[in-house]
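Nothing in this text is a laboratory measurement; each read-out follows from the coordinates by a stated rule. Note that the coordinates shown come from a computational prediction; the quantities given were computed from them, not determined experimentally. Reconstructed Cβ throughout: ideal geometry from the backbone, glycine too, with neighbour counts over all protein chains shown.
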Amino acid sequence: MDDAIVDNNADNIASRPTPLYCEQLPTSFDPALGRILVTGASGYIGGRLVPELMARGYKVRIMIRSFSPEYAGRWPGAEVVVADVLSQDQVKKAMEGVDTAYYLVHSLVLGPKEFASADIEGAKNFREAAEVQGLKRIIYLGGLGDVRNKLSPHLHSRAQVAEELKKGKVPVTVLRAAVIVGSGSASYEIIQHLVKRLSFFFIPPWARNRCQPIAVRDVVKYLVGVLEHPAAAGQSFDIGGPDVLTYEGMLKVLAEILNKKVVFIAVPFANIHFYAYITSLLTPIPDPITECLMGSLNNEVVCQNEKIKELLPFKNVTYREAIVLAMTREEQDAVYTRWSDAYPPAHELALKLKELGEGPTFVASYSLLTAKSAASLFRSFCRIGGRKGWFYGNWMWRLRGIIDRLMLGVGDARGRKKYSGLNINDVIDFWRVEDIQQDKTLLLRAEMKIPGRAWLEFNITELGTQRVLSTTAYYDTHTFLGSAYWYACLPFHYFIFRNLIKQIEDKSLVS
Ligand SMILES: NC(=O)c1ccc[n+]([C@@H]2O[C@H](COP(=O)([O-])OP(=O)(O)OC[C@H]3O[C@@H](n4cnc5c(N)ncnc54)[C@H](OP(=O)(O)O)[C@@H]3O)[C@@H](O)[C@H]2O)c1
């Protein structure tokens, strides 16, 4: 009996081991710290901080932009509040009864043109709301970079957010980090996809700038440590790991770990837009984000002070160890948060299939009758996507992913966070789980670039002693282009989906 699929109820999610890093911290739980608000809880860092705070005994309130059932079960005991930092009223409400707030909001997904103004407005609202609600402290994680030099728009914006938060009466603790390395972190995903896919690299001059990467577990330790250390209030700390490396050096370490022969060729051509675009095609990180992140490679990001080490002494993880730990997590199928799962922006705000007033414009359904059990069929279709492929016509799915990347969409490189189960909001290549009901339904929402909205549903319906296994494609559009797209795809749908359900049925066990 294959028991790989974990169901989606709260008990199962809650009983999954969450990585805890703070045991060796020199500080300890302080009940006087009261209620802690974690913003950006759906993000990469926030998602790792919440379980740590809860395990230490803190009353935690998580702030998300739109409610999703995922959060009710993900951290049982945490309060969930829905608020957008761009609305000061919502943030004020979210801060009622809060003592300390983590500011882990980042609008990078809005792309190079919009993120900076959104981030500064959010920070201003947050500061003003914190004053009204009498918060005792704000803790902000921003970016490293010497503010005396010309910083990239991304690093400049991170520094501006720190300045904006500090303008108020509430003491702010600022932590500044460079590249954060951990399973699912943007930097790790970029580096590992590049090294796995390429055998030679062009090295422009900026790739020899220095960087001080830090392991995600050490970032979480510092975030918790400064909360528990009163002397950290109102202070700014640079946090980094023990190694200072060039970006070229970072690629080389990963190639060594993978035992892969890679050739590095120094070139004078330094246009970052070009390298960012190529990187976006080869990695799960879309172009607007690679543009923002790689724009910062022109700056050296090395700690300018080490005072955090006096306040919170513990042994930091090296860059090599951080990479090995991230790979191990992937091998164990135990990645907890992934940066790429947060893209596209505000996925929770996307219109759901059941919210379409008049239903989708087009529907195409393919089904078969089977005697296999619902549990077995459900397990079978929940294995779809990622490195295991799409049961049938993998090359066509891959081609669709490549076309999407060329159009600056998410493509299929995001894969899956894990293969042992699915939850609402999990990413599967260019899809996202919108609904999942044990032994019954899996509904995926498309996040690729299409002239409309698309969903793909797998469903099991009992019919006497047998059951109907169906795949249904839903498509909603009100444009000519959208309709043309649907009709152009229909012949492919016919072959792909009919064969897809046959394969799902074949690969499910008789039980
Ligand atoms: N990850 C790194 O490698 C790294 C390195 C150095 C510094 N940092 C710093 O660490 C902090 C957290 O980064 P991260 O990697 O965790 O970011 P992330 O994964 O991109 O998450 C950003 C979070 O901000 C939320 N958000 C965006 N706009 C919002 C709004 N208007 N109102 C409320 N929430 C909003 C997002 O919510 P939705 O899910 O609703 O979009 C998401 O939870 C940032 O300040 C970043 O500069 C990160």
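The residue among G401, T370, I501 whose Cα reaches farthest toward the positive pole of the charge dipole of the range 363-511, with charges on the beta-carbon of Lys, Arg, Asp and Glu, is G401. Label reach from S87 (point 7 Å along Cα→C-beta): in the range 32-62, no amide nitrogen lies under 15 Å. Where the centroid of each part is defined by its Cα atoms, how far is the range 267-306 from the range 412-474 in Å? Taking the Cα centre of each part, the range 267-306 and the range 412-474 sit 33 Å apart.
In a DSSP loop and with at most 13 other Cβ atoms within 10 Å, the trypsin sites (Lys or Arg not before Pro) in the range 75-118 are K113. Distance from a point 7 Å along Cα→Cβ of M327 to each backbone N in the range 149-193: keep the residues under 20 Å and list them by number. It comes to 180-193, nothing else. Between Q235 and F492, the simple label model (points 7 Å from Cα in the Cβ direction) yields a spacing of 5.7 nm.
Taking 7 Å steps out from each Cα toward its Cβ at E462 and F274 produces label points 6.3 nm apart. Computed extension length for K315-R148: 57.1 nm, one decimal, from 0.36 nm per residue of separation with the Cα-Cα distance subtracted. When only Cα pairs below 8 angstrom with a gap of at least 6 residues are kept, the chain shows a relative contact order of 15 percent.
For the pair K388 and S373, the difference between a 0.36 nm per residue extended length and the Cα-Cα distance amounts to 3.2 nm.
Are there any GluC sites (Glu not before Pro) in the range 71-165 that are in a DSSP loop and have at most 14 other Cβ atoms within 10 Å? List them by number.
E96, E114
When +1 charges are put on Lys and Arg Cβ atoms and -1 charges on Asp and Glu Cβ atoms, the dipole computed for the chain relative to its Cα centre reaches about 720 debye. The length gained by stretching the chain between R398 and N259 to full extension, at 0.36 nm per residue less their Cα-Cα distance, is 47.4 nm. Estimated from helical segments only, the mean residue ellipticity of the chain at 222 nm is -11500 deg cm²/dmol, where each DSSP H run of four or more residues counts as -39500 (n - 2.57).
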